[in-house]
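Notes follow the structure.
Bear in mind that the values in this text are calculations on the coordinates, not laboratory data. Fair warning: this is a prediction, and the values are worked out from it, not measured in the lab. Neighbour counts run over all protein chains shown; Cβ positions are idealised from the backbone, glycine included.
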Amino acid sequence: MDDIPPYPPIDPTTFDLIVIGTGLPESIIAAASSTASKSVLHLDPNPFYGSHFSSLPLADLPSFLSSHSTSPSPPRSPSSDDPNEFSLLEFATRPLYSSIDISTFSPNLLDQHSRKFNLDVAGPRVFFCAEKSIELLLRTGTNQYMEFKSVDATFVGDNKGNLWSVPDSRAAIFKDKSLGLVEKNKLMRFFKLVQGHLAGEQDIKISEEDLQSPFVDFLNKMGLPPKIKSFILYAIAMADYDQEDTGVCRDLLKTKDGIDQLALYNASIGRFQNASGAFLYPIYGQGELSQAFCRRAAVKGCLYVLRMPVTALLVDKDTGCYKGVRLASGQDIFSQKLILDPTFKVTLPSGSSPPLPLKEKLPFFSLKDDKGKIARGICITKTSLKPDISNFLVVYPPRSLFPEQVTSIRLLQIASNLAVCLPGMFVLYISALCNDDDQGKKLIHAVMNTLLTVPLDSESNAAVQSETAENGSAVQDETSESSSGGPSDSGEEKPTLLWSALYSQELTLGQVDFICSTPMPDGKLNYNDLIDTTFKIFQEIYPGEEFFPETSLENPEGDGDASPET
């Protein structure tokens with residue numbers, strides 16, 4: 001708070017909407033509201049855009065995680081002698097990250113060039129070429145503020161270090177030497193059925209009963225072998241949990257939803273001229289997406305103030321209704337609506353007695369909206385996991401690394417040609433849904449130990465080695481069908497780890513009431529669910545307004561102009 005630079009008073013002091021935090025949902029809402037001719041003030045206590053969706057220099061990431069990992073001190077009692085007849089409810093910050101473990105194995109090299117890294121806080125993330133966020137970028141013209149490159153390939157990994165290419169077309173199926181003739185024929189028949197169903201062909205249609213059944217049951221009904229079934233469920237449909245174990249599966253994928261995911265994947269392949277695969281990644285990192293929508297909002301008149309903490313909520317003493325916020329500068333700013341970053345919460349201090357109308361509003365602030373955790377890991381190496389490929393995705397299906405693994409683990413390797421690290425280096429993003437910090441670390445360590453050489457001169461390496469010893473015999477004895485007949489990288493030297501950050505992130509839902517709170521980054525690989533949640537929040541605060549109405553842009557850009565290549 002003492003580091004806050006002196007700011008001149010904000011003028012005007014009344015807005016239609018105040019947005020606190022420049023994460024992706026907040027930035028989209030600010031842009032949509034500004035486009036709808038609402039006056040918007042967009043604040044962020046950070047000196048950068050993106051909040052929990054940002055891409056940060058290597059030196060800044062640990063401090064950002066640490067600053068959001070501690071429990072806040074209890075707020076003081078609300079002031080009741082305000083001359084404007086407002087009750088002041090202080091903002092508190094909720095701890096959103098835990099079990100933070102930073103390890104450096106090449107400090108001299110990395111410290112000298114830490115500003116040349118752009119590390120995603122919420123990685124791994126990619127864009128499906130046909131997903132909703134890409135459509136939104138194109139429709140609003142926000143794509144003119146971003147550049148993309150194609151993710152070269154997708155693989156499925158196993159506990160031997162093998163990476164199996166995921167066939168994404170008929171030609172790829174025929175070329176795949178790891179598939180037998182019978183497997184290829186079954187897979188071709190399956191894709192033909194799906195394509196016929198999506199095209200509306202009457203003689204090739206999946207029944208309504210099958211569409212409502214579990215997707216894994218439908219794949220079994222089609223006679224697909226375990227290897228192909230695993231590819232479809234976890235590397236194309238992107239299922240999170242073990243679909244064949246209903247005891248641990250929290251999200252059983254229905255056939256209808258699985259077919260929709262296959263349609264998205266199929267529509268994404270080759271959509272853009274210079275991107276042959278299904279996925280895109282933005283140059284300079286995922287934080288560019290939030291910045292792009294902030295730029296769009298600014299063009300439409302949104303006012304931005306960074307490095308400005310907000311200290312308290314202004315509430316009418318008589319009605320308990322929201323009126324505005326108090327800034328760290330001491331200025332009061334008023335608005336009809338308020339959007340909060342998930343960092344912030346408002347709690348009633350113990351021992352205070354607010355007016356009755358305010359009591360009725362306060363339960364909203366104490367709602368526990370956590371829905372679990374996601375373990376994340378960031379690793380930096382000087383060698384690619386695949387010598388001939390720079391940017392690619394790897395999926396580890398449930399049970400593929402050790403018997404207790406009940407969720408998919410996803411890894412994304414990004415090279416320096418996407419301006420996220422020094423030339424010749426690679427950034428690996430790893431994530432997995434988990435119940436607690438210990439389970440999360442076990443999942444991330446399992447991938448690290450399978451693919452990387454971890455130097456012995458760090459205390460953190462002991463944790464990785466102990467995880468290996470704990471699971472050693474079980475992992476080595478575990479043989480999955482997907483590891484037979486494919487290329488093995490075991491003869492090649494593993495990349496050596498230079499730096500790593502492991503942490504657990506809370507998963508929180510957005511809330512809508514007389515003020516709104518946006519969600520944290522979810523455990524998905526793409527942004528579809530986040531876009532849906534953001535759209536619903538916008539509809540709640542402005543039910544009569546269109547979400548980014550289509551307008552003729554000064555420089556209209558279609559798919560051809562939105563090439564992901566620079």
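Each 10 Å bin from zero holds the following percent of Cα-Cα pairs in segment 169-268: 15, 50, 31, 5.
Under a model in which nothing but the beta-carbon of Lys, Arg (+1) and Asp, Glu (-1) is charged, segment 169-268 shows a dipole of about 600 debye around its Cα centre.
Computed over segment 169-268, relative contact order equals 25 percent, with contacts defined as Cα pairs under 8 Å that lie 6+ residues apart.
Can you list the GluC sites (Glu not before Pro) in segment 156-212 that are in a DSSP coil and have 16 or fewer other beta carbons within 10 angstrom?
201
With the highest mean first, a sort of the peptides 17-23, 120-126, 335-341, 419-425 on other beta-carbon atoms found within 10 angstrom per residue produces 17-23, 120-126, 335-341, 419-425. Legend: distances between Cα atoms for 300/536; 317/337; 116/441; pairs beyond 23 Å are 116/441. Structure shown: which of 160/186; 160/494; 345/371; 373/524; 177/227 lie over 22 Å apart, alpha-carbon to alpha-carbon? Table pairs above 22 Å Cα-Cα are 160/186.
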